[in-house]
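**Student:** Structure provided below as structure tokens; questions to follow.
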Amino acid sequence: METQPVKKPNHIGRILLLAALVAAIVAYFAIPAVHATVGSIVTMFASGDFTVVREFVASYGGYAAAVSFLLMIFQSVIAPLPAFLITFANANLFGWWQGAILSWSSAMVGAAVCFYIARILGRNVVEKLTSKAGLQQIDTFFERHGRLSILIARLLPFIPFDIVSYAAGLTSMSFWGFFVATGIGQLPATIIYSYVGGMLTGGAKMVVTALLILFALSACIILIRQLYLEHQKKKAAQAAQADTPEE
């Protein structure tokens, strides 16, 4: 898989996106209310407490779902803030399946935003938003797993969601291939986190349970894939041996 896009960036899109980013930076530094809000959001994520996120979202009343949606997109762009805190909060506020739909759909939009930021603005900007080392690790992962890279990365909870989206935008893969693989791959984690989040009361026990389930699922995925690859290699070796003419 190539690590740079085949098509040249759209210059109009690049200008508009850069203008939006500059406007956001100016607003952050020039408007005290914006600076304070962003600071409180980052502090909220850093706390690692889903109840803090839930209270923040709930404080907006009828606009809570819209705020949660925007919050998921924000954490996608400002990698690597933990998205699972929002997923827990959504399930706790809106019910597990309604929260799952909200978390899944907003994460999809966040992934698309990251993909197009990378595709339009290029690697230098992405490295500033994420990290050079992180991108290099994902590049290696893409080279190793080829076309299934996005699906596998989404199924493995220890691979950063946002950096994968950025890295994908730097490759030649199509947006819809990326989007479909993301949608399918993130479903298991979203459902598990949402189901557990709907039962959370502030303790850490259920959070640990959710993580253990996801890691067990990840181990199964890796094992199944390894067995499949070994089977394919064995099959290819047998076919090559059968095609070799006897002396």
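The values are calculated or read from the model by the stated rules, or taken from the named source; none is laboratory data. Everything numeric here is computed off the predicted structure, so don't read it as measured data. Don't worry about glycine lacking a Cβ; one is built from the backbone with ideal geometry, like all the others, and counts go over all protein chains shown.
**Student:** Restricting to helices (runs of 4 or more DSSP H) lying wholly in the stretch 90-204: which have 3 or more residues that are farther than 23 Å from ALA64 by Cα and not hydrophobic (A, V, I, L, M, F, W, C)? Let's see the steps before the verdict.
**Tutor:** Numbers: elements: 96-121, 123-129, 132-145, 149-155, 161-169, 175-185, 187-197.
Hits in the stretch 90-204: 123-129, 132-145, 161-169, 175-185.
**Student:** While we're on this one: Looking at SER165, is it under 25 Å from ARG14 (Cβ atoms), in contact (Cβ under 8 Å) with a residue 60 or more places away in the chain and buried (at least 19 other Cβ atoms within 10 Å of the Cβ)? Talk me through it step by step, then tell me what you get.
**Tutor:** Values: under 25 Å from ARG14 (Cβ atoms): yes; in contact (Cβ under 8 Å) with a residue 60 or more places away in the chain: yes; buried (at least 19 other Cβ atoms within 10 Å of the Cβ): yes.
Yes.
Each row is one residue, and each column tells you yes or no for (1) within 15 Å of TYR193 (Cβ to Cβ); (2) at pLDDT 90 or above; (3) of a type outside the set (S, T, N, Q).
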site: TYR60; (1), (2), (3): no, yes, yes
site: PRO82; (1), (2), (3): yes, no, yes
site: LEU85; (1), (2), (3): yes, no, yes
site: LEU102; (1), (2), (3): yes, yes, yes
site: SER131; (1), (2), (3): no, no, no
site: GLN136; (1), (2), (3): no, yes, no
site: HIS145; (1), (2), (3): no, no, yes
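**Student:** Then there's this: Under the condition of being surrounded by fewer than 17 Cβ atoms within 10 Å (Cβ to Cβ) and hydrophobic (A, V, I, L, M, F, W, C), which residue from the stretch 87-102 is nearest to the chain's Cα centre (by Cα)?
**Tutor:** Quick first cut of the stretch 87-102, residues surrounded by fewer than 17 Cβ atoms within 10 Å (Cβ to Cβ) only: 95, 97-98, 101.
Among the residues that remain, those that are also hydrophobic (A, V, I, L, M, F, W, C) are: 97, 101.
On the way: TRP97: 20, ILE101: 16 Å.
Among those that are surrounded by fewer than 17 Cβ atoms within 10 Å (Cβ to Cβ) and hydrophobic (A, V, I, L, M, F, W, C), it is ILE101.
**Student:** Take the residues in the stretch 68-86 that are in a helix (DSSP H, G or I) and not hydrophobic (A, V, I, L, M, F, W, C), then tell me which one is farthest from the chain's Cα centre (by Cα). Lay out the reasoning, then the answer.
**Tutor:** Quick first cut of the stretch 68-86, residues in a helix (DSSP H, G or I) only: 68-77, 84-86.
Filter once more, so that each one left must be not hydrophobic (A, V, I, L, M, F, W, C): 68, 75-76.
Numbers: SER68: 16, GLN75: 10, SER76: 7 Å.
Among residues in the stretch 68-86 that are in a helix (DSSP H, G or I) and not hydrophobic (A, V, I, L, M, F, W, C), the one farthest from the chain's Cα centre (by Cα) is SER68.
**Student:** Tell me, which residue of the stretch 176-212 that is modelled with pLDDT of 65 or more and of a type in the set (Val, Ile, Thr) is nearest to TRP97 (Cα to Cα)?
**Tutor:** Applying the first criterion (modelled with pLDDT of 65 or more) to the stretch 176-212 yields 176-200.
Now restrict to residues that are of a type in the set (Val, Ile, Thr): 180, 182, 184, 190-192, 196.
On the way: VAL180: 21, THR182: 19, ILE184: 16, THR190: 10, ILE191: 8, ILE192: 10, VAL196: 11 Å.
Looking at residues that are modelled with pLDDT of 65 or more and of a type in the set (Val, Ile, Thr), I get ILE191.
**Student:** Something else now. Would you mind finding the one in ALA65, ALA46 that is under 24 Å from the mean Cα position of the chain (by Cα), modelled with pLDDT of 85 or more and either surrounded by 11 or more Cβ atoms within 10 Å (Cβ to Cβ) or not in a helix (DSSP H, G or I) (or both)?
**Tutor:** On the way: ALA46 fails: modelled with pLDDT of 85 or more.
Within the list ALA65, ALA46, the selection yields ALA65.
**Student:** Just to be sure, is LEU129 of a type outside the set (Lys, Arg) and out of contact with any Asp or Glu (no Cβ under 8 Å at 6 or more places or on another chain)? Working first, answer last.
**Tutor:** Details: of a type outside the set (Lys, Arg): yes; out of contact with any Asp or Glu (no Cβ under 8 Å at 6 or more places or on another chain): yes.
The answer is yes for LEU129.
**Student:** Then there is this: Give the residues of the stretch 21-35 that are loosely packed, with under 11 Cβ neighbours inside 10 Å and within 26 Å of the chain's Cα centre (by Cα), sorted by residue number. Reasoning before the result, please.
**Tutor:** Step one: of the stretch 21-35, the residues loosely packed, with under 11 Cβ neighbours inside 10 Å are 22-23, 25, 29-30, 32-33.
Once the filter is applied, which keeps residues that are loosely packed, with under 11 Cβ neighbours inside 10 Å and within 26 Å of the chain's Cα centre (by Cα), the stretch 21-35 yields VAL22, ALA23, ILE25.
**Student:** What tally of residues in the stretch 136-148 results from selecting those that are more than 13 Å from the chain's Cα centre (by Cα) and crowded, with 20+ Cβ neighbours inside 10 Å? Please lay out each step first, then the result.
**Tutor:** Filtering the stretch 136-148 down to residues more than 13 Å from the chain's Cα centre (by Cα) leaves 136-137, 139-148.
Next, only the ones that are crowded, with 20+ Cβ neighbours inside 10 Å stay: 142.
Residues in the stretch 136-148 being more than 13 Å from the chain's Cα centre (by Cα) and crowded, with 20+ Cβ neighbours inside 10 Å: 1 in total.
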